[in-house]
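Heads up: the structure comes next, in structure tokens.
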Amino acid sequence: MKKIILISLLLSLCFSAVACSKSETKEISCEDIISAYEDAGYYVTHGEHKDESESSQLCYIKASLTEDPDSDYIYFIICFTEEQAKEAAKTDKYNLAVWLYATVSGESRWLKTGTYGKIEYSYYNSKLIKPFNELMK
């Protein structure tokens with residue numbers, strides 16, 4: 001009897017943990033990202049592509065720490081579909097060969113990439129993702 005109760009408790013715990021971990025992605029627009037980074041004091045440049053036949057990108061956003069072109073930055077690509085965002089992340093994702101090439105070219109840091117819904121992002125400096133993390137909450 002104790003085993004049955006223990007198993008049922010473990011199963012209910014597993015189901016509740018799985019149910020809590022699946023959160024729906026919040027819809028974040030280009031303007032939301034631009035505003036969040038401008039409000040946080042970043043220098044933001046962006047562009048838009050309105051037609052899906054022209055590009056897989058709805059818009060792109062580059063948020064830099066300073067106006068210096070060599071400053072650390074985070075780069076966002078907002079796509080029309082989640083699949084396009086995942087494909088963009090796969091293209092940007094570092095592996096050892098890409099990192100070795102980047103190191104020879106003068107960039108020895110590891111590029112971090114990720115997706116959130118229709119958004120793909122990449123950055124070197126981890127503090128650059130903080131305003132975006134606040135948007136995802």
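Coupling constants for segment 96-110 follow from the phi torsions by the Karplus curve (6.51 cos²θ - 1.76 cosθ + 1.60, θ = phi - 60°), and in residue order they are 4, 5, 5, 5, 4, 5, 5, 4, 5, 7, x, 10, 8, 7, 8 Hz; glycine and proline get x. Bridgeable aspartates and glutamates around K26 (alpha carbons under 19 Å apart, same-chain partners fewer than 8 residues away excluded): E82, E83, E120, E134.
Here is the list for segment 29-136: trypsin sites (Lys or Arg not before Pro) lying in DSSP coil, each with at most 14 other C-beta atoms within 10 angstrom of its C-beta, are K50, K93, R109. Accessible surface ranking for V98, V104, V44, 1.4 angstrom probe, highest first: V104, V98, V44. E83 contributes about 130 Å² of solvent-accessible surface, heavy atoms of the protein only, 1.4 Å probe. With contacts taken as Cα pairs under 8 Å and at least 6 residues apart, segment 26-115 reaches a relative contact order of 18 percent.
Annotation: per residue accessible area for segment 32-81 equals 56 Å², rounded to a whole number [probe 1.4 Å, protein chains only].
The values are calculated or read from the model by the stated rules, or taken from the named source; none is laboratory data. All of these numbers come straight from a predicted model, not from anything done at the bench. When we count neighbours, we look across all protein chains shown, and the Cβ atoms used for this are built from the backbone with ideal geometry, even at glycine. All accessible areas refer to the heavy atoms of the entire protein, side chains included, with ligands and DNA or RNA removed. Shrake-Rupley method; radii C 1.70, N 1.55, O 1.52, S 1.80 Å.
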